[in-house]
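Please read the structure below before turning to the comments.
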Amino acid sequence: MILVLSALALLAWLYLALFRGRFWEDATLPQLDEPDEWPSVIAIVPARNEAETIGETVRGILEQDYQGELKLVVIDDQSDDDTAQLAKEAADALNQQENLIVLSGKPLPEGWSGKVWAMQQGWEHTKAQAEPVSYVWFTDADILHQDKALRRLVAVATNENRGLVSTMVELRCKGFWEKALVPAFVYFFKLLYPFLWVSNDKKKIAGAAGGCMLVSGQALEKIDGPRAIQADLIDDCALGSAIKQSGFSIRLDLTRDSHSLRGYPKLADAWNTVARTAYTQLGYSPLKLIGSVVGLAWLFFIPVASFLSPDLLTALLGGITWLIMSLTFLPMVKFYRVNPFWLFALPFITIIYLGATIDSALRYHKGQGGQWKGRSQA
């Protein structure tokens with residue numbers, strides 16, 4: 001039996017490596033020709049209790065090397081810290097008070113997820129302006145964008161006529177648990193949403209990364225703005241799907257132009273991030289949960305068990321499969337500049353992600369799903 005399972009696991013990894021949209025690649029957003037005229041952009045930042053990072057985020061946006069009109073709207077989502085004041089102080093320090101608007105977020109209506117409601121309020125403010133905006137740049141309150149990040153996003157959007165250009169920002173990867181879990185997190189995300197397929201108009205699969213999403217005003221108008229995804233906890237992928245289904249082209253890439261300021265120094269930090277939405281990803285389906293656990297165990301654990309088998313053929317199949325798995329992980333290990341040792345740890349890292357996924361289901365059935373910033377949204 002173990003020999004048969006080993007052979008099937010090898011075939012599965014050969015398929016993933018060769019035919020799953022080259023999910024393992026570490027290509028970043030390209031540098032394309034810049035437009036003759038730079039379109040107007042409004043950056044929208046939902047912020048709830050983000051005093052620790054909001055200042056850097058605001059400075060990064062307002063210091064963009066961008067020749068077009070750029071305004072920033074921060075939605076203070078009922079914070080009980082100094083988020084709003086610190087955002088204003090950051091703009092004051094740059095003498096750019098006129099380019100920042102801080103909105104006081106309204107109470108969360110029933111049927112909305114918190115972040116999407118904040119995005120909707122920013123979009124409604126944008127629509128109310130005298131001149132229509134060409135692009136809306138949704139980004140998070142814990143992201144630092146390098147000065148040419150927006151130029152590159154806009155150049156790709158205009159050259160390729162994309163309704164959405166999104167980048168997976170570079171996550172912090174310094175401590176032990178970050179080195180163990182961050183490259184694998186991006187790897188698994190790309191396995192679920194191969195970026196080449198997301199960016200291919202002929203493929204139905206769609207996705208985005210919520211830390212950085214440049215969306216055309218026309219695309220937002222057509223889907224009725226964030227309202228189209230009002231209840232979605234995985235709002236970025238939902239937005240990408242809504243825009244692609246509406247007939248617009250979308251693109252998703254890695255980037256080194258933008259960095260997350262949020263750290264995950266403890267195992268619990270990364271665990272909670274996964275547990276917050278993993279069961280949502282599975283549609284709150286116990287059957288899908290069981291299927292995911294069995295499938296991941298087969299893909300990631302059988303090769304290790306086979307490699308340790310006393311049977312030579314089984315061990316050989318397991319070793320080859322483990323090697324293929326590790327080689328698909330190599331680009332992400334290199335991207336995050338961590339020790340190559342982590343290549344062969346992927347099966348063991350998977351145990352942590354499986355545990356967090358199961359915990360996500362348990363939290364949901366306890367009425368504690370989707371917890372974020374003091375809110376339980378699932």
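Here Q368 clears all of (1) in contact with a helix residue (DSSP H, G or I) (Cβ under 7 Å, 6 or more places away or on another chain); (2) at pLDDT below 95; (3) over 24 Å from A180 (Cα atoms) except the condition numbered (1). Any residue at all in the stretch 46-57 that's modelled with pLDDT of 95 or more, in contact with a strand residue (DSSP E or B) (Cβ under 9 Å, 6 or more places away or on another chain), in a loop (DSSP other than H, G, I, E, B) and farther than 27 Å from Q129 by Cα? Yes, that holds for at least one residue.
Filtered by the rule that a residue be surrounded by 19 or more Cβ atoms within 10 Å (Cβ to Cβ) and closer than 17 Å to L16 by Cβ, the stretch 307-323 gives L317, G318, T321, W322.
With the condition kept exactly as written, say whether any residue in the stretch 149-169 is under 25 Å from L354 (Cβ atoms), touching a residue at least 40 places away in the same chain (Cβ under 8 Å) and in the same structural domain as A238 (by TED's automatic domain parsing). Yes, that holds for at least one residue. Of the residues making up the stretch 35-67, those that are more than 19 Å from V215 (Cβ to Cβ), out of contact with any Ser or Thr (no Cβ under 8 Å at 6 or more places or on another chain) and hydrophobic (A, V, I, L, M, F, W, C) are V58, L62.
Scan the stretch 240-270 for residues that are hydrophobic (A, V, I, L, M, F, W, C), within 19 Å of L191 (Cα to Cα) and part of a helix (DSSP H, G or I) and the total you get is 1. Taken over the stretch 173-220, the criterion of being of a type in the set (A, V, I, L, M), in a helix (DSSP H, G or I) and touching a Pro at 6+ places or on another chain (Cβ under 9 Å) is satisfied by L220 alone.
All of A17, A47, A27 fail the test of being among the small types (G, A, S), in contact with an Asp or Glu (Cβ under 9 Å, 6 or more places away or on another chain) and surrounded by fewer than 17 Cβ atoms within 10 Å (Cβ to Cβ), apart from A27. Would a scan of the stretch 19-41 turn up a residue that is under 30 Å from L316 (Cβ atoms), of a type outside the set (D, E, K, R) and assigned to a helix (DSSP H, G or I)? Yes - at least one qualifying residue is present in the stretch 19-41.
Among the residues of the stretch 204-250, those identified as over 17 Å from the mean Cα position of the chain (by Cα) and polar (S, T, N, Q) are S216, Q218, Q230, Q245, S246, S249.
Every residue, every condition in (1) under 28 Å from V156 (Cβ atoms); (2) surrounded by 15 or more Cβ atoms within 10 Å (Cβ to Cβ), yes or no:
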site: E34; (1), (2): yes, no
site: S40; (1), (2): yes, yes
site: G68; (1), (2): yes, yes
site: D77; (1), (2): no, yes
site: L100; (1), (2): yes, yes
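The values are calculated or read from the model by the stated rules, or taken from the named source; none is laboratory data. Keep in mind the model is a prediction, meaning the values are calculated, not measured. Neighbour counts run over all protein chains shown; Cβ positions are idealised from the backbone, glycine included.
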